[in-house]
Amino acid sequence: MGAKKKVLITGAAGLVGGILRLHWGDRYQFRLADICTVEDLGRVYADQHKLSCICVRLTNPSFRQDGDWDPDSLMSTTSRRDCAQIFGRCVDVEDVDFAIVNGISGHRRPRLDLEISRQVVGYVPQDGTAFPKTRG
């Protein structure tokens, strides 16, 4: 196995880091930082140092497909599975110098738009209020 990839996480970093470790084990090293600083620095480093930087604006990673939710409510949550997927897509995508994408599950009424996430990293949510409820 080659060198570990490094992933920088902002926002709800403690919870997100735990979710990613559950899905990916010890494949990556995680670092935490302030979101505005990271987005600004990411753009500078991408331009000046040819570093690929994709910033994820992640919503609350607490959505449960088997949870108690109203499909017509305005939603700003992400499932753990979708959280792991969008970060995985960001790590694996090629030929992106800099981007800011939204991390949210597939809701009927999402607070954030997913189109840029679909276009840039190929993210397609697997959970959300746009999908049928599952039994717990």
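The trypsin sites (Lys or Arg not before Pro) of the range 37-101 that meet both conditions, a loop assignment by DSSP and at most 13 other Cβ atoms within 10 Å of the site Cβ, are Lys50. Under 5 Å from the amide H of Arg57 lie the amide H atoms of Val101, Asn102, Gly103, each residue being 5 or more positions distant or on a separate chain, with H modelled from the backbone and absent for Pro and chain starts. Considering only Cα atoms, the convex hull volume of the range 55-98 works out to 86 Å³ per residue. Which log10 I(q)/I(0) values does the range 90-131 give at q = 0.14, 0.29, 0.32 Å⁻¹ under the Debye formula, counting every alpha carbon as one identical point scatterer? Results for the range 90-131 at q = 0.14, 0.29, 0.32 Å⁻¹ read -0.32, -1.04, -1.19.
Distances between placed amide hydrogens fall under 5 Å for Met75 paired with Arg109, Arg111, all partners being 5 or more residues away or on another chain. Multiplying the residue separation of Asp66 and Leu51 by 0.36 nm and removing their Cα-Cα distance gives an extension gain of 1.5 nm.
Bear in mind these aren't lab numbers, they're just calculated from the coordinates by the rules spelled out. Keep in mind that what you see is a predicted model, and the values were worked out from it rather than measured. When we count neighbours, we look across all protein chains shown, and the Cβ atoms used for this are built from the backbone with ideal geometry, even at glycine.
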